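Written out below as structure tokens is the structure these notes cover.
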Amino acid sequence: MADEGVRAGHAEVVTWSVDDPIVAAVRQVLAAMPSGCSWLLPVTQDGEVVDFRVAATSEQGRDVYGRGAGRVGGLLSALYPGMVGGVLWQTYHQVLASGVPARVPDFRYEGKQAGVVADSLFDISVQRVLGGLLVWWERLDEHQRRMERTELLGSLGWAEYDLITGLSEWSPGMYRIFERDPSLGPLSRAEQSAAIVPDDHGLREAAWQTLDSGAASDVTVRFRAGSSVKYLRILSDVARDADGAPVKIYAVVQDVTARVDSRTAIERLSDQLHTRELTALAEHRLARQLQNLIQPVPREPVPLAGLEVLVGYLPAESAVQVGGDWYHAQTLPDGLVALAVGDVAGHGLEAASGMAHLRFALVAWLSIGIRDPGALLGHMNRLCGQLKITATAVVAVYDPATRSLSWAQAGHLPPLLARGGTTAELDRPAGMLLGADADSTYPVVTPRLRGDDLLLFYTDGLVERRVGDTVDLLGPVMRTLSDLSRDPDAQTLPRLREVLHQPSPEDDICTLAVRVLR
């Protein structure tokens, strides 16, 4: 019986000697492989392949009997007698004859002797190489057994979510945790969202925001699974492509319900505080993103008709306080200029949402030709009533031809006017808080401005602090404006920003500094 390498599909038969340099080279390469692989050469008799001889194999990829490179030179029929004639044996013959690679997933090998696992599971790939077969295998039963026992012991499961294809993969532990039939496949993202206890949706958003920032997320969220509510600790991170775009989410999930149920009242209170903090941080981030999207703040002064305007916006020092401060400055199609600042009561998403409604509504009313500040505030007042929010605002319309400033206010601090070294508040017309009374009216006053006048529209975070703080903040602002108005020039507004912009601990600060051009 000869050892022959058969080049299937060709009449030519290549015969390899065990001492051939190519055989020796393949043997050296495979011996160093860290995974299971072998190079098998066909053994022929009367032109028919009757067996396969191990010409090379990896040392570290040992078989079920613990054999490594010691298999080299052995016949498969002698090494693994139970394989002869079976599915894998037939696959070897087919690949050798056709040259088409094949894979045999979940191949079971039954051990026939004492001291050997009776039923072992493998994933095997076969390719024709150099007249023989290159066989790769991965043992699954031991790996699966370790994973299943680990998941069962730790109440664990793992999941992968492909952001490109939208496909999910779950381990057996995930189905056990969610009490779900594996034949149904993983829960969709919509089903997972619906399973979260409503009060914990903020934690889900916090996790997404954390992942978006590039950090790993570790949150404990309540899910409805079957007929019960479970506390699931979810550790997740993101895999990204070469451009930094997220492509996959990996998560390890642990059912910690029993541990949560057994914790003391103090520990539970600590968890509640942590949950509220995460939810508040997520809300803070979303509100800040909404503000930046709706009213981006230009870094340099903006030229308008007859005016130069510089916008300032400083967030509160407190990490979880996002106010509803807003501004608007625009040269209108008829040559007039609209100027406004406002502040929606409250903080977070509700305040940011109210800010968006008021600012967009003001832009819409201006676009249809409404120019009277009192009428504009009247419309905003009724809108606040419908939205069930309260707010303050100053709205002004400037005519560059006459230098007249028509303005009205709703519960807001009046603008400051600095001229020739002196600063004072503009005479303040009456005007009730927006949203307090649907029938409120807003009188308009129309002072005349001069070239080089400085105006400062601002929200209360600039000059007010919480109860108990008696420091005079308005005085220093007025003195600064007076100093700058003595000799105004092109750098006046940038200097004003540098001097005035000191963040408030509790409130955002929005300022609209205006210089009247000569």
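Only the coordinates and a few stated rules stand behind these numbers; no lab work does. What you see is a predicted model, and the numbers here were worked out from it, not measured in a lab. Glycine also receives a Cβ, built like all others from the backbone with ideal geometry; neighbour counts cover every protein chain displayed.
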>> Quick check on the exposure proxy: order Tyr250, Tyr442 from fewest to most C-beta atoms within 10 angstrom.
In response: Tyr250, Tyr442
> Counting only residues 5 or more places away or on other chains, whose amide H sits under 5 Å from the amide H of Trp158 once H atoms are built in the peptide plane?
Replying inline: Ser171, Gly173, Met174, Val253
> Simple spin-label model, 7 Å along Cα-to-Cβ: Ala490 to Asp20 in nm?
Replying inline: 8.4 nm
> Normalised by the residues of segment 295-516, what does the relative contact order come to in percent, with Cα pairs under 8 Å and at least six apart?
Replying inline: 27 percent
> Check His412: other-chain or 5+ apart residues with amide H under 5 Å from its amide H, H built from backbone geometry?
Replying inline: Ala393
> Where Lys and Arg each count +1 and Asp and Glu each count -1, what net charge lies around Tyr313 among other residues with Cβ under 10 Å from its Cβ?
Replying inline: -2
> What ranking do Tyr458, Tyr92 get, fewest neighbouring Cβ atoms within 10 angstrom at the top?
Replying inline: Tyr92, Tyr458
> Hey, if you put +1 on the Cβ of every Lys and Arg and -1 on every Asp and Glu Cβ in segment 295-516, which of Ala351, Val444, Val499 ends up farthest toward the positive end of that dipole?
Replying inline: Val444
>> Can you give me the long-range amide H partners of Val445? Hydrogens built in the peptide plane at 1.01 Å from N, cutoff under 5 Å, separation of 5 or more residues or another chain.
In response: Trp407
>> Could you list Thr57, Thr220, Thr165 so that the one with the fewest beta carbons within 10 Å of its beta carbon is first and the one with the most is last?
In response: Thr165, Thr220, Thr57
> Between segment 77-101 and segment 157-191, how many Å separate their Cα centres?
Replying inline: 36 Å
